[in-house]
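*Asks:* Once you've had a glance at the structure underneath, I'll fire off some questions.
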Amino acid sequence: MKAFILAAGKGQRLKPLTNDTPKPLISIKGKPLLEWNLLKLKSAGIKDVLINLHYLGDEIINYFGDGKSLDLNIQYSKEQNLLGTGGALIQGKSFLDDSPFILVSGDLWTDYPFSRLVTKDLKSKAHLVLIKDHTKLDGDFNLVDSNISAGMKNNEFTYSGISLIDPSIIPNEEPIVKELWRDILEPHVEQKQLTGEVFHGLVKNINNVIDIEQLDVAITE
């Protein structure tokens, strides 16, 4: 199984920390955010990783190289212009094979066990890890018999930034700006081709200095 990490964003909300450092290289407990995720993927048995890049992407390449220092095979998908989370998958599709792959947002820290996705028998087009975001009044999704439901009232859950995706869902076309949910995933909701699970552990998106400070306290590894 392969993994795809989305790491092209500009990290605007973390400026000035991201003036010279891409968000995935921001240090959390003495280790770059991206390295945490790479090591967790490795511990789940993942060897092949694709990372999409745009803002200060060469800094990430200089730090991790081909991944051999971590006993990984890392390849990169450089975006001259930001393609969005959906366009990134279209550009990177040639790296993938016909098997499901793990997709991870590069701006999160989590203790989610990726081994759960590695061993999952995917019978849908995608399987999303959902969380209950207590900072928001409403979520974006509900689960009905393990199927993702959107557009209902009183949605409980939010997408964590972690999913298992069948690459057949990615269009075979020239990459343009597209979004993961709206353009790739949402069209499959009515066919009940999106499943989900609720994770009650730690998933923290790094959006400001307070998030970093909270993680430094929360992480005991």
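The values are calculated or read from the model by the stated rules, or taken from the named source; none is laboratory data. Every value quoted in this text rests on a predicted model; they were computed, and no experiment measured them. Cβ atoms come from the backbone with ideal geometry, glycine included; neighbour counts cover every protein chain shown. Quick note on the areas: whole protein, heavy atoms, side chains included, nothing else; ligands and nucleic acids left out. Shrake-Rupley method; radii C 1.70, N 1.55, O 1.52, S 1.80 Å.
*Asks:* Could you give the length gained on full extension between Asp111 and Val177, defined as 0.36 nm per residue of separation minus the Cα-Cα distance, in nm? Walk me through the numbers on the way to the answer.
*Replies:* Details: separation 66, 0.36 × 66 = 23.76 nm, distance 3.06 nm.
Contour length minus the Cα-Cα distance gives 20.7 nm.
*Asks:* Taking all protein chains as present, what is the carbon and sulfur share of the accessible area of the range 1-102, in % to the nearest whole number, probe 1.4 Å? Don't skip to the answer; put the middle values down first.
*Replies:* On the way: 2060 of 4500 Å².
In the range 1-102, the share of accessible area belonging to carbon and sulfur is 46 percent.
*Asks:* Express in nm, to one decimal, how much length is gained between Ser94 and Asn81 on full extension, taking 0.36 nm for each residue of separation and deducting their alpha carbon distance. Please report the intermediate quantities before stating the final value.
*Replies:* Numbers: separation 13, 0.36 × 13 = 4.68 nm, distance 1.86 nm.
My answer for the length gained is 2.8 nm.
*Asks:* Using a 1.4 Å probe and counting only protein heavy atoms, arrange Val198, Val144 so the residue with the most accessible area comes first.
*Replies:* Working: Val198 45, Val144 70 Å².
Largest to smallest exposure gives the sequence Val144, Val198.
*Asks:* With labels modelled as points extended 7 Å from the Cα through the Cβ direction, what inter-label distance (nm, one decimal) is found for Lys29 paired with Ala218?
*Replies:* Between Lys29 and Ala218, the simple spin-label model gives 1.1 nm.
*Asks:* If you don't mind, there's one more thing I want to ask. For the chain, set up a GNM with springs between Cα atoms under 10 Å and report which of Ser124, Ser99, Ser160 has the largest fluctuation.
*Replies:* Judging by the Gaussian network model, the answer is Ser99.
*Asks:* For the range 1-105, with every protein chain kept in place, what is the accessible area per residue (1.4 Å probe, Å²)? Can you show the working numbers first?
*Replies:* Working: 4530 Å² over 105 residues.
Accessible area per residue, the range 1-105: 43 Å².
*Asks:* Given a 1.4 angstrom probe, I'd like the percentage of the accessible area of the range 136-221 that is carbon and sulfur, rounded to a whole number.
*Replies:* Ligands and nucleic acids excluded, carbon and sulfur give 50 percent.
*Asks:* For the chain, take the convex hull of the Cα atoms, compute a quarter of its surface area, and give me that in nm², please. Don't jump to the answer; show the numbers that get you there.
*Replies:* Values: hull surface 47.6 nm².
Directional mean of the projected Cα hull area for the chain stands at 11.9 nm².
*Asks:* How far apart, in nm, are two points set 7 Å out from the Cα along the Cα-to-Cβ line at Asp58 and at Ser146?
*Replies:* Result: 4.8 nm between the two label points.
*Asks:* Where a Cα-Cα gap under 21 Å defines reach, which lysines qualify for Lys29, not counting those fewer than 8 residues away within the same chain?
*Replies:* The qualifying lysines are Lys15, Lys40, Lys42, Lys204.
*Asks:* Could you work out, for the range 160-221, what percent of all Cα-Cα pairs fall into each 5 Å distance bin, beginning at 0 Å and stopping at the bin that holds the largest distance?
*Replies:* It works out to 3, 11, 19, 17, 13, 13, 11, 10, 2, in whole percents.
*Asks:* Using a 1.4 Å probe, what is the accessible area per residue for the range 159-221, in Å²?
*Replies:* Values: 3450 Å² over 63 residues.
Heavy-atom accessible area per residue stands at 55 Å².
*Asks:* With label points built 7 Å along Cα→Cβ from the Cα atoms of Glu186 and Leu202, find their separation and express it in nm.
*Replies:* With each label point 7 Å from Cα toward Cβ, the separation is 3.3 nm.
*Asks:* Can you figure out the FRET efficiency of Lys68 with Lys120, using R₀ = 35 Å and their beta-carbon distance, to the nearest 0.05?
*Replies:* On the way: r = 28 Å, r/R0 = 0.80.
For R0 = 35 Å, the calculated efficiency reads 0.80.
*Asks:* Dipole of the range 1-133, Cα-centred, from +1 at each Lys and Arg C-beta and -1 at each Asp and Glu C-beta, to the nearest 20 debye?
*Replies:* Values: 18 positive and 14 negative charges, 76 e Å.
My answer is approximately 360 debye.
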